[in-house]
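Quick note: the coordinates plus some simple rules give every number you see, no bench work behind them. All values reported here derive from a predicted model rather than from experimental measurement. Glycine also receives a Cβ, built like all others from the backbone with ideal geometry; neighbour counts cover every protein chain displayed.
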Amino acid sequence: MKIQISSILKKAALTTMLVSPLALMAQSDKLQTEVANLRPYDKIGINVFESPRDTLTSFNKVKVQFGAGFTQSFQGLKHENTSRGLYRMSPGFNTANANLFMDVQLADGIRLNLTSYLSSRHHNETWVKGGYIQFDKLPFKGQIWEDIMKVTTIKIGHMEINYGDQHFRRSDGGGTIYNPFVENYIMDAFTTEIGGEILVRKNGLFGLLGVSNGMIKGNIDSLVATPQDANIRKSPALYFKGGWDKQLNHDMRVRLAVSYYGNKSSGGQTLYAGDRTGSNYFMTMEKIGSTATAQFTSGRVNPGFSKKVEAIQLNGFAKAYGLELFGTFEVAKGRTKNETADRKASQYAIDAVYRLGKAENLFVGVRYNSLDYRPANITAVGALPPITYTQDVKVNRLAFGAGWFLTKNVLLKGEYVTQKYNNLPVADYRNGGKFNGYVIQAVVGF
């Protein structure tokens, strides 16, 4: 495919102009100093994983801080398959995404967060992502509590669970400034659940233990038995994480992490289907008649582990001067309530990003992501014919990205991507499927 560079640059400039009024609102450093132990929502928050820890800041009064993330995309993607019948696309602007962040310093070492999606692909209206309370200190007297909380952070609420490291680098609605690329992984491990986490950090070592309700929202409904699964008991999800994160010197940092997540019986497990905002590749590999809101996960794969899931994710991160390497290897197994045997999925990905200049305001990068999974057989879904999957399906993606921070709050980035689907039966409309092209995004975060 030939890309008209001049045309792309003109569209990029137009996209930047659309968010320039918001950029003027995002220049005050004061916005990042009101609440302690908060990951900044601008460029400073890049490569911050668990929230920073500051036990020295004095508390004077309750403080409220608002932040936001805005993303406007221009897309020039095309797709094809063996049987045709795909959604007809042409270059154009996508629905703008916007997030609103409210953080409150309630007391010394106690912080509250509430995040709302103002606009997204799946929901154009405003709705709440979730909220939590974080304790870096406890309001109890006694040396034992002070000693414990010197190394401990506690989070409780309806929140983005801390499984894996990739969710710290992903795009989340309008909050796309942390991601050096446009889209997330093919199999996107991200969900919000009601629960609590205890994180302990000391001398570069860290460990986390979490428990949640195992569903994306509150649920008091009883499970319904099926011929394949008579278990009607809802089980909590248990997850843990451990690793090592060390700044070796001014220019070198290394981080290694391993995470586990398990849920034996859920009424609606969404570890790989928890993103309610949507993919940044609009309508790729979707059928004619699809809509951006209903088919909002274009380009991603949900393995469908809705009743039972077990997953392990290994992550490695290294930064030396301007070069960043981030790798992921993940294996998972699970099933729906209409199956008797577990299916498996595995994926790996590697990012290489080079940030240029003293302030690292320019960057270029490449990502390769590969997924192998066994879909659930389809026996009857509306007008679809039965589909039997006799071998693992393989999906590969290669993405080249680049970006420019005009300020720490304003980012212009672009990506060229190609993605292919292999080993799909003829009855699956994605047989012989692939898409490629470019996406340009203008981003504001503060």
- Query: Highest mean first, what order results for 313-320, 407-414, 355-362 on Cβ atoms within 10 Å?
  - Reply: 407-414, 313-320, 355-362
- Item | Calculated log₁₀ intensity ratio I(q)/I(0) where the Debye formula runs over C-alpha points of segment 198-300, q = 0.11, 0.16 Å⁻¹ | -0.61, -0.94
- Mean-square fluctuation maximum in Gaussian network of the chain, Cα pairs under 10 Å, restricted to G304, G214, G289, hits G289
- Message: Can you order the peptides 125-134, 81-90 by their average number of other Cβ atoms within 10 Å per residue, highest first?
- Response: 125-134, 81-90
- Query: Taking the radius of gyration and the Kirkwood hydrodynamic radius from Cα positions alone, what is the Rg/Rh ratio for segment 226-367, to two decimal places?
  - Reply: 1.07
- Item | the chain: calculated mean residue ellipticity at 222 nm from DSSP helix runs of at least 4, using -39500 (n - 2.57) | -2000 deg cm²/dmol
- Query: According to the square roots a ≥ b ≥ c of the eigenvalues of the Cα gyration tensor, what is the shape class of the chain, taking rounded for a/c under 1.5, prolate for a/b larger than b/c otherwise, and oblate for the remainder?
  - Reply: oblate
- Item | Interchain or long-range residues, amide H under 5 Å from G274's placed H | F190
